[in-house]
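The values are calculated or read from the model by the stated rules, or taken from the named source; none is laboratory data. Small disclaimer: the values here were computed from a predicted structure and weren't measured. In this analysis, Cβ positions are derived from the backbone assuming ideal geometry, glycine residues included, and neighbour counts consider all displayed protein chains.
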Amino acid sequence: MSLNKTVVLVGMMGSGKTAVGKALAAELNVAFMDSDHEISVAANRSIAEIFERDGEAFFRSAESKVIERLLLGAPSVLSTGGGAFMSAYNRALISDLGVSVFLKVDLELLWERVRSNDTRPLLKTPNPKSSLTQIFEDREDQYKLADVSVMSNASCSIAQTMQNILEALAQLPDVLSPRGDQS
């Protein structure tokens, strides 16, 4: 299959956007891009350092610019930070230039995945589980605006989640085409 537009993975931190995105990109033989990584490279600082030094508003502005630049490139698989899809501007960009895929994961699995990771700026709080719960609740409605939603759980492998995404994308017009088809 050939990819005609960038697949943008959205969802909570710890939902598997990077792991699944890399597998999906390999399967489709396209580049895997990570907006947080691209922001870090451009700023020559980690995401945590950007948040600490410049604040979330600066980070979100940089994030929008990077997402736009990546969407204007060749079709790829793009993993975005958990908050990227909260921006109406980013959602419109993604809708116009790509296709959004929401990786749905329940709160307890997210907590299991992120609780020992100290690089998440939004969880550097006195009660990180409570913070994660609040973020999850605040973002859920926006994530549901994605073009495709794919559920992932603890028993669902990266390969199975990737296959579920491919099946969902195959139902959409103009996203995938058989190899050699120039449409």
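Does region 6-15 contain any residue that is over 10 Å from the mean Cα position of the chain (by Cα), β-branched (V, I, T), at pLDDT 95 or above and in a loop (DSSP other than H, G, I, E, B)? Within region 6-15 (the criterion being over 10 Å from the mean Cα position of the chain (by Cα), β-branched (V, I, T), at pLDDT 95 or above and in a loop (DSSP other than H, G, I, E, B)), the answer is no, since none of the residues qualifies. Only one entry of L122, L109 meets the criterion of being at pLDDT below 90, in contact with a helix residue (DSSP H, G or I) (Cβ under 7 Å, 6 or more places away or on another chain) and either buried (at least 16 other Cβ atoms within 10 Å of the Cβ) or of a type outside the set (K, R) (or both), and that entry is L122. Can you pull out every residue in region 71-89 that is in contact (Cβ under 8 Å) with a residue 40 or more places away in the chain and more than 19 Å from L28 (Cβ to Cβ)? Correct list: G81, G82, G83, A84, F85, M86. One residue alone among V101, V150 is touching a strand residue (DSSP E or B) at 6+ places or on another chain (Cβ under 8 Å), farther than 27 Å from A48 by Cα, touching a residue at least 24 places away in the same chain (Cβ under 8 Å) and outside any helix (DSSP H, G or I), and that residue is V150. When region 20-39 is examined, which residues are found to be in contact with a helix residue (DSSP H, G or I) (Cβ under 7 Å, 6 or more places away or on another chain), crowded, with 17+ Cβ neighbours inside 10 Å and among the small types (G, A, S)? Across region 20-39, the qualifying residues are A23, S35.
Results for (1) over 12 Å from the mean Cα position of the chain (by Cα); (2) closer than 17 Å to V150 by Cβ, shown as yes or no for each residue.
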site: A43; (1), (2): yes, no
site: I47; (1), (2): yes, no
site: S61; (1), (2): yes, no
site: V77; (1), (2): no, yes
site: L93; (1), (2): yes, no
site: G98; (1), (2): yes, yes
site: W111; (1), (2): yes, no
site: V114; (1), (2): yes, no
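On inspection, A92 fails the criterion of being in contact with a Phe, Trp or Tyr (Cβ under 7 Å, 6 or more places away or on another chain) and in a helix (DSSP H, G or I). The single condition from (1) in contact with a strand residue (DSSP E or B) (Cβ under 9 Å, 6 or more places away or on another chain); (2) surrounded by fewer than 16 Cβ atoms within 10 Å (Cβ to Cβ); (3) closer than 28 Å to Q134 by Cα that E49 fails is (1).
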